Amino acid sequence: MADHPRVAAFTDTYLPTVNGATYTVRTWRERWQARGGRMDVVYPDADYDPDPGEHPVASVDFPFYEGYRLAAPHTPRGVVTPDVVHAHSPFAVGVAGYRYARRHDAPLVVSYHTPTSEYVEYVAPDALTPSLERVSAAWERWFLDRADLVLAPSERACDRVRDLGVSTPADSLPNGVDVDFFAPTDASDFRERYGLSGTLVGYTGRHGYEKRLSDLVDAAADLDATLVLGGDGPARDDLEARARRRGIDARFLGFLPREELPAFYSALDVFAFPSPVETQGLVALEANACGTPVVGADAGALIETVDDGETGYHYPVGDAAAFRDAIRRALDERDALAETCLDRREEVSVSRAVDRLAAVYDRLLG
């Protein structure tokens, strides 16, 4: 075997869709290949020009959740003969990965990026939600039990895997942040380009209902700050209408090119993250890497990702007044919080994550 195992990665979400799982798969692949290894990626085809080693499969738009696609459980010709198969989702492309691992008698690693049952209420009628949550949890359990190892980006996500009753061992392996890219940046040009001034509190990422961004709009009331939201998604129109009704100074910037994100984070005085369903909350760590403290929901992986009084503060989910108070406290202590964020950059780096990933593969291969 080569010094670096040959890896076939299978994911049901990939570029041009923007989310933490997408960029984790892409960044891990880039870093793995920079070390001299090979990591092919199989993903649903979309409006994206693949690089060599990226293999699209036929897919259609998922009708209930904008930006996601349903793909065939198929492995195209030309995918590397693997030493390890790494699936990043339990759906069609992930199932193709499971089959590919069995075909080649290769160990199967599954990364648990998203608790799918927690998203059911946003894509199904209320009457069907309980049944579909049970079905979703049962499917996750079935799929994860077929793996040789489950990786989750936080201890909370590992607990979620164990709570499902999965018998496969689960280890925590944070996805990591590209700290060479996400670093403090002079944001004056960014502010000028978007007409931003004064104190800024904001968020960027998918505008999905599960992110509870309406809580952020409510918390922005009575704040002496401008609310700035980057990104897009199905909840955006409702969020804009809510901000107008409440008379909030809110700017919706839409999708931001990745090269603008360090300036976006650096422009903010506080990054606000109300989502209770994160398995890691990568955007919070990206903000921290740019020296911006985070106020996040006291739920899910954000319990670990945000360190109270060190890199930001927590607040109880759904409590807009407490959210507002935590943002004000972070604004008051911004300089001290920012210093700690910058001191911890290497701890959250993707280089460290890929070091640990290599150790995982080596362990599985004996």
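Quick note: the coordinates plus some simple rules give every number you see, no bench work behind them. Just so it is clear, the model here is predicted, and its values are computed rather than measured. Cβ atoms come from the backbone with ideal geometry, glycine included; neighbour counts cover every protein chain shown.
The table that follows gives values for the structure above.
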| item | result |
| --- | --- |
| Relative contact order of the chain, defined on C-alpha pairs under 8 angstrom at six or more residues apart (%) | 14 |
| Listed residues Tyr313, Leu239, Thr279: farthest to the positive end of the dipole of the range 217-331 (Cβ charges) | Leu239 |
| Charge dipole (debye, nearest 20) of the chain; +1 at Cβ of Lys and Arg, -1 at Cβ of Asp and Glu | 1040 |
| Size of electric dipole in the range 188-347: Cβ of Lys, Arg +1 and of Asp, Glu -1, about Cα centre, debye, nearest 20 | 680 |
| Highest-first arrangement of 194-207, 130-143, where packing means the average Cβ count within 10 Å | 194-207, 130-143 |
| Pairwise centroid distance, computed over Cα atoms, of the range 197-249 with the range 57-116, Å | 34 |
| Additional length obtainable on full extension of the chain from Arg244 to Ser351, 0.36 nm per residue less Cα span | 34.2 nm |
| Whether the range 154-279 is rounded, prolate or oblate, judged on the alpha carbon gyration tensor where a/c under 1.5 counts as rounded | oblate |
| Over the chain: helical MRE at 222 nm, DSSP H runs n ≥ 4 each giving -39500 (n - 2.57), nearest 500 | -10500 deg cm²/dmol |
| Residues whose placed amide H lies under 5 Å from that of Val228, excluding near-sequence neighbours | Val201, Gly202, Tyr203, Arg251 |
| 10 Å binning of all Cα-Cα separations within the chain, expressed as whole percents from 0 upward | 5, 24, 34, 25, 11, 2, 0 |
| Gained length - Asp148 relative to His74, 0.36 nm times residue gap less alpha-carbon distance | 24.5 nm |
| Signed unit charges on C-beta, dipole axis of the chain, positive-most listed residue Thr81, Ile327, Leu132 | Thr81 |
| For Val57, distant residues with modelled amide H under 5 Å away | Tyr43, Asp45 |
| Trypsin sites (Lys or Arg not before Pro) within the range 68-116, DSSP loop, no more than 10 other Cβ atoms inside 10 Å | Arg77 |
